[in-house]
Structures are given as structure tokens and as C-alpha cells.
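**Student:** Below you will find the structure I want to go over with you.
The values are calculated or read from the model by the stated rules, or taken from the named source; none is laboratory data. Treat the numbers as computed from the prediction; the structure is a model and nothing was measured. Neighbour counts run over all protein chains shown; Cβ positions are idealised from the backbone, glycine included.
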Amino acid sequence: MVPPGTSNSLPRRILTAKHKPFRMVEKCVGTSVPRKEGWEKVTGAARYVDDIVMPDMLHGATIRSTVARGKIESISFEGDIPWDEFTIVTADDIPGENSTKMFVGEQPVLAKERVNHPEEPIVLIAHPDKNMVRKARNHVRIEYVEETPCLCIEDSLNKAPVVWGEDNIFKTIRIVKGDVDSVQGEADIVVEGEYFTGASEQLYIENNGMIGEYDPTEGVTVTGSMQCPYYVHPALAAVFALPKNKVRVVQADTGGGFGGKEDYPTIIAAHACLLAMKAGKPVKLVYDREEDMAATTKRHPSRTKIRTGHRKDGTFVFIDIDFALDGGAYMTLSPVVLSRGSIHAAGPYTCDHTRILGRAVATNYPPHGAYRGFGNPQSFFAIERHMEKVAKAVGLSSEEVRRRNFFREGDLTATQQVVTDRVDMRDLMDQALEAADYHAKMERFAKENEGNPVKRGMGIAAFFHGSGFTGGGEKKMASIAGVEGTADGKVRVLAASTEIGQGAKTIFSQIVADALSLPYDMVEVARPDTDDVPNSGPTVASRTCMVVGKLVQTASHALRATLEVECGLDRLNYTPEEFSQAIKDFVAKNGKLRRYAEYEQPANIEWSDETYVGDAYGAYGWAIYVADVSLDTRTYEARCHDFVALQEVGKGLHPIMAEGQVQGGVAQGIGYALYEAVVYNKGRMINNQMTNYIMPTAADLPVIRVLFAEQPYAAGPQGAKGVGELPIDGPAPAIINAIENATGVEVNQIPATPEILMKELEAAGVC
């Protein structure tokens with residue numbers, strides 16, 4: 001509890017990304033030290049999977065389904081192709097399970113008798129000549145008996161047709177707080193709305209790729225672009241019917257992920273290794289951009305229905321939400337994406353009576369999966385658009401209706417978790433609106449919009465985001481990370497957390513340097529390799545810094561304690577040179593010096609996976625975003641001119657990287673809101689090129705002004721929470737809210753492309 005007389009609000013001091021020059025004798029955390037991986041990237045020394053060449057290596061390709069649903073009738077190899085020179089793999093060549101396990105293991109490595117989505121892999125081929133492979137893949141003919149596909153959330157819910165299980169539902173979640181039905185009559189005003197979000201592509205810089213190796217004695221080794229080596233590892237063991245010690249997974253330098261390299265690399269890894277097993281040679285399998293976009297996972301499309309009851313003062317009486325996600329043809333990560341989106345669906349608003357029904361359903365699109373935000377961008381778009389509808393209904397401004405309903409310390413979330421963070425969302429809103437010059441712009445735009453075909457408006461989004469796995473997920477994972485002293489007297493971080501551009505190597509090095517009072521240059525980070533590093537869990541959910549970083553910090557303290565006991569290191573007064581010598585002495589005498597830490601759940605966390613009651617997350621980040629947007633009513637083009645992102649981050653470990661995380665998230669959010677429409681034809685993506693999948697470029701982006709507030713989290717390293725996921729949640733609703741403010745027209749689906757905006761504005765008579 002807050003001591004009497006103490007303010008609940010955060011200090012009004014706003015932290016910027018400015019930083020002091022770094023000197024090796026100074027503390028690292030809180031400064032923008034040079035990035036560990038930066039030099040290799042800017043000089044071209046980094047080795048991505050397509051840069052790696054092995055002796056006698058073959059090149060592989062995947063032959064995929066061209067239909068959304070049906071039975072495989074025949075496969076033939078045609079054309080002027082020397083097929084006898086090719087390695088060919090089908091489902092019959094799989095020695096173990098034909099399954100890429102995530103939850104129920106229903107997604108096959110290779111389709112055998114039927115297909116359930118376009119681009120489903122059926123046949124693999126490999127040859128020494130890459131150009132021959134490209135030619136040959138067009139001469140594999142597959143005949144199908146097509147069946148009626150399901151290509152819509154509502155059709156799936158209505159079982160028209162049934163394409164998975166008995167009812168098309170992968171997962172149902174019910175969150176109940178209070179009794180919504182019993183308080184219906186207490187509401188003075190009832191507001192209803194329906195909101196839609198589309199699929200979107202991660203569009204990481206580097207396409208997916210793997211190199212597979214097989215040895216009858218040693219087992220399988222795969223090297224490639226990925227986020228989660230220990231997702232790939234057990235899956236390969238099952239596919240090849242091997243013990244886990246016969247499977248090795250090594251991360252190559254990886255050019256971005258955003259969730260798109262979380263679960264899907266397992267499939268590519270299995271394909272490359274199956275080809276390698278049959279060929280007796282290493283096989284490289286790297287997707288081109290078109291294949292990567294068409295075949296791999298995307299953000300789940302969503303449909304959300306919201307019904308809320310309010311008193312005359314705008315406060316909530318009840319919140320009733322029906323949240324549905326399109327999971328595609330196989331379950332993959334849909335249950336956990338649904339979980340996160342459902343938990344946050346009621347927004348950062350207090351209400352005694354809340355009911356949330358969440359469902360992830362099957363369709364015959366390629367499976368949808370992880371994408372930065374992990375369900376929250378969908379549900380926050382809905383609730384933040386709904387708040388605008390509420391504001392109109394109760395006669396309050398956008399900001400005031402939020403102020404009256406924001407969580408306060410001691411309130412209960414939808415899962416009945418007590419809000420313990422000393423974060424005053426009202427104060428954060430004051431700061432964000434002031435930084436955005438919100439009120440002055442609102443007044444000016446209202447005058448300028450009269451008779452002007454270009455309308456200008458301001459939009460707000462308020463949101464929060466849990467860091468790490470839900471509930472007891474981190475406890476079940478039991479992540480382990482470590483550090484070791486090397487023979488040359490340095491400290492090396494041992495973790496499976498991958499560097500995918502977010503700065504994991506740098507953050508880990510900062511944490512260790514400060515934990516051991518060492519120069520930053522004395523810390524190295526091991527390449528994720530399942531033969532070398534422990535399972536610290538996947539690189540997802542804003543958990544790398546907060547969860548794994550804390551383990552690394554704890555392991556560092558254990559390593560120092562060992563050197564104190566074994567080498568007589570002075571606990572409080574040693575130089576870097578003395579620490580380095582102690583490491584060398586220990587390694588020379590005893591061999592390896594490694595110390596590990598296993599995750600321990602913070603006290604007082606209680607959670608039920610059955611009822612969804614309790615502490616959903618150990619920590620939340622909090623944010624207010626403000627967008628300044630124009631809409632040309634002649635061309636129906638919307639443009640963001642200025643964007644203020646204020647978020648609370650616990651403790652900023654590297655200001656410039658944190659700022660970059662937010663700016664990158666906002667840029668992706670602008671694309672999600674206005675540009676990035678995935679176009680399908682019979683379930684197949686047809687704009688799977690960078691020339692026709694429209695994403696924002698630097699020319700389309702505003703100045704993104706990032707402001708940080710800090711409220712340190714005791715269970716995070718030096719108080720840090722997660723940063724990476726949060727910034728994608730708020731941009732889309734803030735931008736669409738600004739469009740409504742500018743035009744008076746409700747737009748409740750994204751991306752709000754010019755075609756969508758034209759339809760909505762013409763229907764409303766605004767043109």
C-alpha cells in the first residue's frame with residue numbers, strides 16, 4: 001500500500017532517449033552503450049542463413065497446395081526435368097511423427113491424404129543447382145478433389161462447414177467478474193458496437209530459412225533463422241523419432257521476427273532435415289519473399305462485439321464482450337493469442353461486472369500465428385474504438401470518458417487481479433496530451449476543417465500490456481539461464497533468447513556488467529545453440545529482458561560468489577583485472593565455470609487456467625498514445641502528421657533502443673491501421689509481393705515522439721519491465737479515433753484503406 005500522504009502518481013519527470021557519453025568505468029544500465037551486434041551488422045560481417053555454404057550442399061524447395069480444402073488424388077513429376085538427379089521427400093519418408101507439435105500436434109509436416117489450406121506443404125525436392133530447383137518446382141502436378149472451404153469467422157462459428165473437430169473451435173475462454181446479467185437494469189445508457197481487424201504480415205527483413213544436416217550416428221542438426229530454438233528442438237525429436245540428445249538447433253544471425261519466426265521455423269527445419277536425411281548431404285531451404293508471405297503465419301483477423309452499460313456520468317455498469325479470432329486451418333498458437341487478447345479486452349478501465357467470451361476458430365486460410373502484440377492489438381482496437389462511441393452516447397469528450405473509468409491502484413482487472421502498480425493513468429494522459437498540444441490542435445482543427453476537403457483530427461488510445469507468459473506460464477516453463485567465466489577471463493551469457501534486432505545481446509551485457517561491476521566489453525553473449533545454452537524460454541511476449549534478464553543477473557551474482565569462495569575475490573573491492581584473473585585461475589584449476597539460475601515466480605501470484613481468475617501477469621506496462629491525422633475527402637487518403645507515445649516501462653535499460661522499440665511499434669501500427677491489407681482469393685494470398693502489399697515507408701511516417709515514465713518493477717532486472725510488445729497496441733485505435741474526430745464518421749474496421757474510407761464517408765454523406 002502507498003504510505004499516507006504519498007501521491008499515487010508517477011513523478012511528472014518524463015525521461016527522453018537522450019544519453020550521456022559512455023565510458024567503460026561507468027555503470028551500463030540506463031545508458032545507450034554501443035550495441036553488441038551492431039558492428040557486425042553494419043559491416044556486413046553478420047552471417048545470415050543464406051550466407052552459409054557447406055560442402056556438397058543441396059538447395060531445397062517446397063511444393064504446396066493450390067486449393068483451400070480437399071483430398072489429394074495424385075502426385076506426378078512431369079516436364080523436361082532430370083528427376084533422377086533430385087532428392088524427393090513425401091510424408092511417407094517421415095521416420096517419426098508427421099506433426100509439428102505446439103498444442104495438439106494436428107498440423108502435419110507434410111500433407112499426405114488431404115489439404116486444409118492453400119500453400120500447405122505436400123512434397124519437398126532438392127538438387128545441387130538452385131536454378132534447376134526453381135524450374136523443377138513448376139513441374140510437379142498435384143490433382144485434388146476439392147471440398148467447400150470455410151473462409152469467414154461467422155461461417156466457422158455457424159459450422160458452415162465443419163473443418164476442424166466437431167465445432168470449428170480451437171479454444172474458448174470465459175472471463176467473468178461480477179454478474180453482468182443482474183445489473184442490466186442499472187444502466188442509464190447502453191452502447192453496442194462491432195469491430196473488425198484484418199490479417200497482417202510481419203514482413204521481417206530476412207526471409208525464413210534453414211540448413212538441415214543428418215548423420216545416422218549423430219542425429220539431426222539444423223541452423224537457421226528463428227526466435228525459439230527450444231520450440232524447434234522437441235519437434236524435430238518427434239519427427240525423426242530421436243532422443244533429444246541427438247537433435248541440435250543453432251540460431252544463425254536472424255534478420256527480424258516480430259512473431260513470424262516463433263513457431264513456423266519448426267516446419268522449415270523439419271523439411272530441410274528430411275531432405276538432408278534422404279540425400280545424405282546438407283540441404284539449404286530458404287524461402288523467397290513471395291513464398292514467405294503466402295505460406296507463413298500472419299496476425300489473426302478478428303471480430304469483436306461489445307455491449308456496455310453506463311451511468312449518466314459515463315462510468316461503467318457492465319462490460320460484455322464477444323471476441324473471436326480467425327485461427328486458420330490449424331491450431332498452432334491460437335489458444336495463447338486468444339488468451340492474451342481476451343485478458344486485455346476490457347482495456348485499462350474499472351468495472352465491477354465484466355464478461356468476456358473469447359473464441360479462436362478454424363477456417364481454411366493458412367494458419368495464423370504470433371505477431372507482435374499477440375492478440376492485444378485486435379482487442380484494444382475494439383475497446384478503444386468503443387470508448388469513442390461511449391463518449392458520444394454519454395455526452396463526454398474522448399479524454400474525459402476515459403479519465404472517469406481508468407483503473408486506480410487497488411482496483412480489480414477483468415481477471416480480478418489487484419492493480420498494484422503506482423501508475424496514475426490520468427496523470428499519464430495529462431502529460432501525453434500536453435506533449436501533443438492536444439487541446440490547442442483540437443480547437444484549431446475544428447475551425448480549419450470548415451469547408452476544407454482535407455479534414456484534420458486528434459485521436460487518443462489508452463492501454464496496458466502484461467509482460468511475460470500468462471498466469472503460471474513462466475512457472476511451468478521453468479526457464480534457466482546462466483553465465484560462464486571463459487578461459488580468457490571474460491564473462492559469457494548462456495541463454496536461448498535470440499537476437500532478432502531488438503538488442504538482446506546488448507541488454508544482457510549491460511545487466512551482467514552492472515551485476516558484476518565490470519566493463520561492458522568484458523561481457524560476451526553465446527550464440528543460441530541447444531548443445532551449449534539452457535532453455536531460457538522463447539523470445540516472445542516481452543519476456544527477454546524482464547524474465548531472462550533477471551535470471552542472467554541472478555546467475556551473475558552466483559558466479560561472483562563462487563569466485564569469492566574459491567579464489568578469494570574481495571566481494572566489495574576488486575578491479576576488473578582482478579575479477580578476470582580470478583576467472584582464469586578457476587578455469588585453469590577446475591575446468592568450466594558456469595552458474596545458472598532457474599525462474600522463481602514472484603510471491604503472491606495466484607492464477608487459475610480453468611477460470612481465468614487471478615494474477616494474469618506479474619507486471620504491466622501502461623501507455624497513452626496521441627495521433628494527429630488528416631483525411632483528404634477527395635482521395636480518401638489518411639496521413640498521420642504527428643504522434644506522441646508515452647509509456648511506462650519500469651526501468652529503461654538502454655534509452656535509445658527503448659525509443660527505437662516504440663518507434664518501430666508505432667510504425668507497424670500505422671501500417672496496421674491504414675495500409676497493410678492482405679488480399680485473399682479462395683483463401684490464397686494474392687498480394688504476396690512487396691510491390692502490392694502496401695506498407696508504410698519513411699515517407700509515410702510522422703515524427704514519432706517517444707516519452708517514458710518509470711515505475712521500477714521489483715522482479716525485473718534493475719526494475720525493468722518488457723517494452724517490445726506494448727507499442728503495437730495503441731497506434732491503430734488512436735489513428736482511427738483521429739479520423740472520426742476529423743470527419744464525424746465511425747470507421748470500425750482496419751486497415752482503413754482509401755477504399756474502406758471512401759465507402760464509409762460516402763455512406764455518411766461526407767465527401
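**Student:** Starting from the range 79-94, keep only residues that are free of Cβ contacts under 8 Å to residues at least 40 places away in the same chain and under 19 Å from HIS271 (Cβ atoms), then list their pairs with residues that are of a type outside the set (D, E, K, R) and assigned to a helix (DSSP H, G or I) whose Cβ atoms are within a distance under 7 Å, requiring at least 6 positions of separation or different chains.
**Tutor:** Listed by first residue and then by second, the contacts come to nothing, as the list is empty.
**Student:** Select from the range 468-519 the residues that are of a type in the set (Asp, Glu) and either in contact with a strand residue (DSSP E or B) (Cβ under 6 Å, 6 or more places away or on another chain) or within 27 Å of GLN663 (Cβ to Cβ) (or both) and list them in ascending order.
**Tutor:** GLU484, GLU499, ASP514
**Student:** Looking only at the range 440-460, decide whether some residue is farther than 30 Å from THR633 by Cα, out of contact with any helix residue (DSSP H, G or I) (no Cβ under 9 Å at 6 or more places or on another chain) and modelled with pLDDT of 95 or more.
**Tutor:** The answer is no; no qualifying residue exists.
**Student:** OK, next. Quick check on my filter: what residues within the range 381-412 are basic (Lys, Arg), surrounded by fewer than 22 Cβ atoms within 10 Å (Cβ to Cβ) and either at pLDDT below 95 or more than 15 Å from LEU433 (Cβ to Cβ) (or both)?
**Tutor:** LYS389, LYS392, ARG404, ARG408
**Student:** Would you check which residues across the range 486-520 are over 20 Å from LYS584 (Cβ atoms) and among the β-branched types (Val, Ile, Thr) and list them?
**Tutor:** Hits for the range 486-520 are THR498, ILE500, THR506, ILE507, ILE511.
**Student:** Looking only at residues in the range 292-306 that are among the polar types (S, T, N, Q) and in a loop (DSSP other than H, G, I, E, B), which one is nearest to the chain's Cα centre (by Cα)?
**Tutor:** In this case the residue turns out to be THR297.
**Student:** In this structure, is ASP700 touching a residue at least 12 places away in the same chain (Cβ under 8 Å), among the charged types (D, E, K, R) and crowded, with 23+ Cβ neighbours inside 10 Å?
**Tutor:** The answer is no for ASP700.
Table: residues versus (1) farther than 28 Å from VAL115 by Cα; (2) surrounded by fewer than 24 Cβ atoms within 10 Å (Cβ to Cβ).
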site	(1), (2)
THR266	no, no
ILE306	yes, no
PHE316	yes, yes
ALA329	no, no
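**Student:** Here is a further query. Of the residues in the range 307-353, how many are under 29 Å from VAL540 (Cα atoms), assigned to a strand (DSSP E or B) and touching a His at 6+ places or on another chain (Cβ under 8 Å)?
**Tutor:** 2
**Student:** I'm told GLY105 meets every condition in (1) modelled with pLDDT of 95 or more; (2) under 22 Å from LYS298 (Cα atoms); (3) not hydroxyl-bearing (Ser, Thr, Tyr) except one. Can you identify the failing condition by its number?
**Tutor:** Failing condition for GLY105: (1).
Quick grid of which residues meet (1) surrounded by 15 or more Cβ atoms within 10 Å (Cβ to Cβ); (2) more than 28 Å from the chain's Cα centre (by Cα):
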{"residue": "ARG426", "(1), (2)": "yes, no"}
{"residue": "ALA432", "(1), (2)": "yes, no"}
{"residue": "TYR438", "(1), (2)": "yes, yes"}
{"residue": "LYS441", "(1), (2)": "yes, yes"}
{"residue": "PHE445", "(1), (2)": "yes, yes"}
{"residue": "GLU448", "(1), (2)": "no, yes"}
{"residue": "PRO453", "(1), (2)": "no, yes"}
{"residue": "HIS465", "(1), (2)": "yes, no"}
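**Student:** For a quick check of your reading of the model, give me the residue pairs whose first member lies in the range 145-159 and is within 16 Å of LYS682 (Cβ to Cβ), whose second is of a type outside the set (D, E, K, R) and in a helix (DSSP H, G or I), with beta-carbon atoms closer than 6 Å and at least 6 apart or on different chains.
**Tutor:** Once the first residue is within 16 Å of LYS682 (Cβ to Cβ) and sits in the range 145-159, its partners that are of a type outside the set (D, E, K, R) and in a helix (DSSP H, G or I) give CYS150/SER156.
**Student:** Using the structure shown, decide if GLU484 is surrounded by fewer than 21 Cβ atoms within 10 Å (Cβ to Cβ), among the charged types (D, E, K, R) and either modelled with pLDDT of 95 or more or under 30 Å from LYS389 (Cβ atoms) (or both).
**Tutor:** no
Conditions (1) among the β-branched types (Val, Ile, Thr); (2) under 11 Å from LYS101 (Cα atoms); (3) assigned to a helix (DSSP H, G or I), marked per residue:
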position: GLN227; (1), (2), (3): no, no, no
position: TYR231; (1), (2), (3): no, yes, yes
position: ALA235; (1), (2), (3): no, yes, yes
position: ALA241; (1), (2), (3): no, no, no
position: VAL250; (1), (2), (3): yes, no, no
position: GLY255; (1), (2), (3): no, no, no
position: GLY260; (1), (2), (3): no, no, no
position: ASP263; (1), (2), (3): no, yes, no
position: THR266; (1), (2), (3): yes, yes, yes
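**Student:** Scan the range 592-651 residue by residue and report those that are more than 26 Å from LEU433 (Cβ to Cβ), touching an Asp or Glu at 6+ places or on another chain (Cβ under 9 Å) and among the basic types (Lys, Arg).
**Tutor:** Answer for the range 592-651, where residues must be more than 26 Å from LEU433 (Cβ to Cβ), touching an Asp or Glu at 6+ places or on another chain (Cβ under 9 Å) and among the basic types (Lys, Arg): LYS592, ARG594, ARG595.
**Student:** Could you tell me whether any residue of the range 565-577 is charged (D, E, K, R) and outside any helix (DSSP H, G or I)?
**Tutor:** yes
**Student:** Follow-up question, since we're still on this one. Hey, ILE88 hits all of (1) farther than 24 Å from TYR230 by Cα; (2) surrounded by fewer than 18 Cβ atoms within 10 Å (Cβ to Cβ) but one; which does it fall short on?
**Tutor:** Against the list (1) farther than 24 Å from TYR230 by Cα; (2) surrounded by fewer than 18 Cβ atoms within 10 Å (Cβ to Cβ), ILE88 comes up short only on (2).
**Student:** If you don't mind, there's one more thing I want to ask. Mind telling me which of the residues GLY185, GLY209 ends up being without any contact (Cβ under 8 Å) to a residue 12 or more places away in the chain and either of a type outside the set (A, V, I, L, M) or not assigned by TED's automatic domain parsing to the domain that holds PHE86 (or both)?
**Tutor:** GLY185
**Student:** Now, a different point. Just one of VAL723, VAL747, VAL766 is surrounded by fewer than 18 Cβ atoms within 10 Å (Cβ to Cβ) and aliphatic (A, V, I, L, M); which is it?
**Tutor:** Every option except VAL766 fails the conditions.
**Student:** Can you tell me how many residues in the range 168-214 are surrounded by fewer than 20 Cβ atoms within 10 Å (Cβ to Cβ), under 27 Å from the mean Cα position of the chain (by Cα) and among the hydroxyl-bearing types (Ser, Thr, Tyr)?
**Tutor:** Qualifying residue count for the region: 1.
**Student:** Is there a residue being in a loop (DSSP other than H, G, I, E, B) and surrounded by fewer than 24 Cβ atoms within 10 Å (Cβ to Cβ) anywhere in the range 269-278?
**Tutor:** No: the range 269-278 contains no residue that is in a loop (DSSP other than H, G, I, E, B) and surrounded by fewer than 24 Cβ atoms within 10 Å (Cβ to Cβ).
**Student:** Looking at the range 344-364, which of its residues are more than 16 Å from ARG303 (Cα to Cα) and either under 17 Å from the mean Cα position of the chain (by Cα) or charged (D, E, K, R) (or both)?
**Tutor:** ASP352, ARG355
**Student:** Something else: Which members of the range 735-762 meet the condition of being within 21 Å of THR304 (Cβ to Cβ) and hydrophobic (A, V, I, L, M, F, W, C)?
**Tutor:** Passing the criteria: ILE735, ILE736, ALA738, ILE739, VAL745, VAL747, ILE750, ALA752, ILE756, LEU757.
**Student:** Which condition from (1) assigned to a strand (DSSP E or B); (2) closer than 30 Å to PRO121 by Cα is the one that ILE356 breaks?
**Tutor:** All conditions pass for ILE356, except number (2).
**Student:** Also: Name the one entry in ILE142, ILE81 that is at pLDDT 95 or above, β-branched (Val, Ile, Thr) and in a strand (DSSP E or B).
**Tutor:** Among ILE142, ILE81, only ILE142 is at pLDDT 95 or above, β-branched (Val, Ile, Thr) and in a strand (DSSP E or B).
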